[in-house]
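Student: Below is one structure. I have some questions about it.
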Amino acid sequence: MKIKTQLPKLLIILFFLWILISTVRTLYNLSKLFTEEKAWMHLSEEEKKNKSYGDIEIIYRKITGITKKGDCIFLVSQKDTAYFLLRYLLYPQKIYWLNGQADTRNHRTKNCHYTLYYQTPVGKDKKGNNIKIAEFKNKDTEKSVLYTQHSL
């Protein structure tokens with residue numbers, strides 16, 4: 001009998017505890033808005049994307065200006081992060097990746113229209129900054145566009 005009379009009281013206590021915890025978490029998240037998000041609040045959408053994805057986002061914008069939705073891109077890169085980011089950003093397009101340390105001359109490019117050679121720091125400029133190079137090559141016309149850190 002005692003359990004039946006105490007059960008509603010226990011449920012009411014749990015309900016108010018649940019509301020208290022959710023209110024405290026909401027206030028905590030609102031307090032983070034002025035501390036952690038302050039650096040992001042005044043940035044434009046383009047600056048936020050550039051800060052999130054780095055130079056891959058700039059390459060993405062240049063690729064979308066050149067390619068069509070059905071085109072296939074063959075990516076040659078030493079790191080897989082470029083592959084996963086470009087695969088996410090260019091979703092309807094097919095992206096195939098080959099490790100940049102492998103021999104790419106004898107490798108079939110899976111009948112892709114374009115090949116992107118993306119190499120992360122290959123050297124340093126006069127100021128000591130890392131130079132990043134991306135070369136975007138059209139398979140049909142053999143035209144290529146070379147991007148350095150300064151042209152991105």
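Here's the yes/no breakdown for (1) touching a Gly at 6+ places or on another chain (Cβ under 7 Å); (2) exposed (fewer than 11 other Cβ atoms within 10 Å of the Cβ); (3) more than 30 Å from residue 117 (Cβ to Cβ); (4) modelled with pLDDT of 85 or more:
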{"residue": "5", "(1), (2), (3), (4)": "no, yes, yes, no"}
{"residue": "11", "(1), (2), (3), (4)": "no, yes, yes, yes"}
{"residue": "14", "(1), (2), (3), (4)": "no, yes, yes, yes"}
{"residue": "27", "(1), (2), (3), (4)": "no, yes, yes, yes"}
{"residue": "39", "(1), (2), (3), (4)": "no, yes, yes, no"}
{"residue": "53", "(1), (2), (3), (4)": "no, no, no, no"}
{"residue": "59", "(1), (2), (3), (4)": "no, no, no, no"}
{"residue": "68", "(1), (2), (3), (4)": "no, yes, no, no"}
{"residue": "75", "(1), (2), (3), (4)": "no, no, no, no"}
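Student: For segment 49-79, give me the residue count where each residue is of a type outside the set (Gly, Ala, Ser) and either part of a loop (DSSP other than H, G, I, E, B) or outside the structural domain of residue 114 (by TED's automatic domain parsing) (or both). Don't jump to the end; show me each part of the working.
Tutor: Start the filter on segment 49-79 by keeping residues that are of a type outside the set (Gly, Ala, Ser), which leaves 49-51, 53, 55-64, 66-69, 71-76, 78-79.
Next, from what is left, pick out any that are either part of a loop (DSSP other than H, G, I, E, B) or outside the structural domain of residue 114 (by TED's automatic domain parsing) (or both): 67-69, 71, 78-79.
Qualifying residue count for the region: 6.
Student: Looking at (1) more than 19 Å from residue 137 (Cα to Cα); (2) in the same structural domain as residue 135 (by TED's automatic domain parsing), which is the one condition that is false for residue 12?
Tutor: Just one mismatch for residue 12, condition (2).
Student: Could I ask something else about it? Please go through segment 50-90 and pick out each residue that is farther than 28 Å from residue 39 by Cβ and of a type in the set (Ser, Thr, Tyr).
Tutor: Residues satisfying the conditions are 67, 77, 83.
Student: Identify, by number, the condition in (1) closer than 30 Å to residue 89 by Cβ; (2) part of a helix (DSSP H, G or I) that residue 35 doesn't meet.
Tutor: Looking at each condition in turn, residue 35 falls short on (2).
Student: Given the condition exposed (fewer than 12 other Cβ atoms within 10 Å of the Cβ), in a loop (DSSP other than H, G, I, E, B), modelled with pLDDT of 75 or more and not β-branched (Val, Ile, Thr), answer yes or no: does some residue in segment 83-95 qualify? Write out each step before concluding.
Tutor: From segment 83-95, those exposed (fewer than 12 other Cβ atoms within 10 Å of the Cβ) are 91-92; that's our starting set.
So of that shortlist, the ones also in a loop (DSSP other than H, G, I, E, B) come out as 91-92.
Narrowing further to those that are modelled with pLDDT of 75 or more: 91-92.
Next, only the ones that are not β-branched (Val, Ile, Thr) stay: 91-92.
Yes, that holds for at least one residue.
Student: For the structure I just gave you, tell me whether residue 73 is touching a residue at least 60 places away in the same chain (Cβ under 8 Å), aliphatic (A, V, I, L, M) and under 30 Å from residue 120 (Cα atoms). Give the derivation first.
Tutor: On the way: touching a residue at least 60 places away in the same chain (Cβ under 8 Å): no; aliphatic (A, V, I, L, M): yes; under 30 Å from residue 120 (Cα atoms): yes.
When the stated conditions are applied, residue 73 does not pass them.
The values are calculated or read from the model by the stated rules, or taken from the named source; none is laboratory data. What you see is a predicted model, and the numbers here were worked out from it, not measured in a lab. When we count neighbours, we look across all protein chains shown, and the Cβ atoms used for this are built from the backbone with ideal geometry, even at glycine.
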